[in-house]
1. Does Gly25 satisfy the criteria of being surrounded by 14 or more Cβ atoms within 10 Å (Cβ to Cβ) and at positive phi?
2. Only residues that are among the aromatic types (Phe, Trp, Tyr) and either assigned to a helix (DSSP H, G or I) or within 17 Å of Ile151 (Cα to Cα) (or both): list them for region 19-74, please.
3. Please verify whether Gly117 is closer than 30 Å to Pro16 by Cβ and at pLDDT below 95, treating the condition exactly as stated.
4. Here is a check on your reading of the model: is Arg95 among the basic types (Lys, Arg), more than 24 Å from Ala39 (Cβ to Cβ) and touching a Gly at 6+ places or on another chain (Cβ under 6 Å)?
5. Residues to consider are Asn60, Asn81, Asn87; find the one that is polar (S, T, N, Q) and over 20 Å from Ser154 (Cα atoms).
Amino acid sequence: MPLRPARCYTHFSGPPYTRREYIPGIPPPKISKFEMGDAKKHYDYEVALVVEEAGQIRHNALEAARVMALKRLTTKAGENNFLLRINVYPHHVIRENKMLAFAGADRLQEGMRLSFGKPTGTAARVYPGQVVMLTRVFKDHLPIAKEALKIASSKLPLPTRIVVKPLKEGLSASV
């Protein structure tokens, strides 16, 4: 698994840090909604964004992907012609040992002594084949759903693929 530059929290090792009752000062996740659109309609297709590598997705990356997919779906398909759902929740608490980076900072910080870190955000741990985001649409909005999830995948730090699944009999997956 090659490491990519500028990805501080994407790959993980060790158990998740999730026990909120013992961790003071966890910032709330930025994701405002996990399900958008109309869930009551009977759609033709389900388009899913599937992760191909194990890793962590920060809560602000999930929110950015959600906003972009929702914007594309509402402008192109209409307000209530889809269902968009985020399938992962950022449980894992991310810590950071903040270091001062200016002249004379050596008297103000401890370096690696007591370097446990303070909570700075949360992340969702995902594994290969896991669905991060899915949308359900009618047949005529299928290209719009694919485009929306492609735009959303550009906001995520892990490689993804788009999987189309027909929900009704007699529909083909390759449209």
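The values are calculated or read from the model by the stated rules, or taken from the named source; none is laboratory data. On a predicted model such as this, the values are computed, not experimentally measured, just so you know. So basically every Cβ, Gly included, is an ideal-geometry build from the backbone, and we count neighbours across all protein chains shown.
1. Criteria not met by Gly25.
2. The one that is among the aromatic types (Phe, Trp, Tyr) and either assigned to a helix (DSSP H, G or I) or within 17 Å of Ile151 (Cα to Cα) (or both): Tyr22.
3. The answer is yes for Gly117.
4. Criteria met by Arg95.
5. After applying the criteria, what remains is Asn81.
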